[in-house]
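One structure below.
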Amino acid sequence: RVLTVGLPKHKVDDVEQMVRDLGGRLLNKCSTSEPPHVLIASDVTSKRYLDVLSVAKTPVLKAEWVYACHKARKQLPYGGFRVPALQGLVICVTGVDQARRPGVQATVEAAGGKYTKDLVRGTTHLIAVNTQSAKYERAVTWKSTHVVSLQWLYDSVQSKARLSEHKYPVQPTSAEEQAAAMRAAAGAGRGAEATAV
C-alpha cells in the first residue's frame, strides 16, 4: 500500500501505474485500519504529510524509489530514497547565540532544509529560544510561518521526519528572564553576542 502526498498529478498517475504493475495498490487516503506501507513525497511541506505521519509511522520516500523498484521488478531497500526530514522547509532562528548558529545552520541544511538569517515571507519555520524578539513578534502574525522551539529541529532530524509543530511551542519569557539569560550566556563565554533577534 502506497500513498502519495504533494506530487503533481502526472507523477501520481505514473506512480499508481508502476505500483499496480508490481502488485501493489495506491491509496487515496490514510486510515488507521489501512495505513500505507510507504509514503511517496517530494518534500515535507504539506499538511497532509503531517496528517499521514500522525496516523502511520511509515517511511517517506522519493518517487524515484517506485521508478527503481519498477525497473528492478521488485521492492528495493529504502536507502538513498528517503526524503530528508526538512526537505522544502525554509528555517530562520532567533535568540540562538551567535556561536551556536553555524551548527544550527549545518543541521538544517544536512536535513534538506534551507537556512536563512533573515525572517522573510516564505520562511516556513522560525526556531525561537524565547518570545522576546522582533522576529518572534513578526512571525507569530504570519499564518504560513510555524514558530517552534529548538528541540523541534533536533527531534525532527533524529526522527528522520518533520514532526508536528504543535508539540514544540516556544516557552514565554519575560524581559527580565531574557536579560538574565543573556548575562549568564555572556558570562559563560558562549559568545560575546547573545542576541534576542
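The values are calculated or read from the model by the stated rules, or taken from the named source; none is laboratory data. The structure presented is a predicted model; accordingly, all values stated were derived computationally and were not measured. Methodologically, a virtual Cβ is constructed for each residue, glycine included, from the backbone with ideal geometry; neighbour enumeration extends over all protein chains shown. Ligands, DNA and RNA are excluded from the accessible area calculation, which covers all protein heavy atoms including side chains. Shrake-Rupley method; radii C 1.70, N 1.55, O 1.52, S 1.80 Å.
List of remarks:
- Folded to 0 to 90 degrees: helix 150-159 orientation relative to the chain principal axis, Cα: 30
- With the biggest extent put first, the Cα atoms of region 60-108 measure 51, 15, 11 Å across the principal axes.
- Taking Cα atoms only, the orientation of helix 9-21 departs from the longest principal axis of the chain by about 50 degrees.
- Structure note, pairs K11/K71; K29/K74; K62/K135; K62/K167: Cα-Cα distances above 22 angstrom occur for K29/K74; K62/K135; K62/K167.
- Pairwise FRET efficiency - A68 versus S33, Cβ, R0 = 25 Å, nearest 0.05: 0.25
- 10 Å-binned pair-distance histogram of region 1-116 (Cα, whole percent): 14, 39, 28, 13, 5, 0
- Within region 40-128, the chymotrypsin sites (Phe, Trp or Tyr not before Pro) that combine a DSSP coil assignment with at most 15 other C-beta atoms in a 10 angstrom radius are Y78.
- Alpha-carbon centroids, region 69-119 and region 139-160: separation in whole Å: 13
- A simple spin-label model places the labels of T116 and R48 2.5 nm from each other, with each point 7 Å out along Cα-to-Cβ.
- Heavy-atom surface of the chain, accessible at 1.4 Å and reported per residue (Å²): 54
- Inverse of mean 1/r across different Cα pairs in the chain, Kirkwood, Å: 18.4
- Cα-based helix-to-principal-axis angle, 101-110 vs the chain, degrees rounded to 10: 0
- When each of the peptides 36-45, 138-147 is scored by the mean number of other C-beta atoms lying within 10 Å of its residues, the order from highest to lowest reads 36-45, 138-147.
- Computed [θ] at 222 nm, deg cm²/dmol, the chain (DSSP H ≥ 4; -39,500 (n - 2.57); rounded to nearest 500): -10500 deg cm²/dmol
- The chain: relative contact order in percent, alpha carbon pairs under 8 Å with at least 6 residues between: 18
- Accessible surface of the chain, 1.4 Å probe, proportion on carbon and sulfur as whole %: 52
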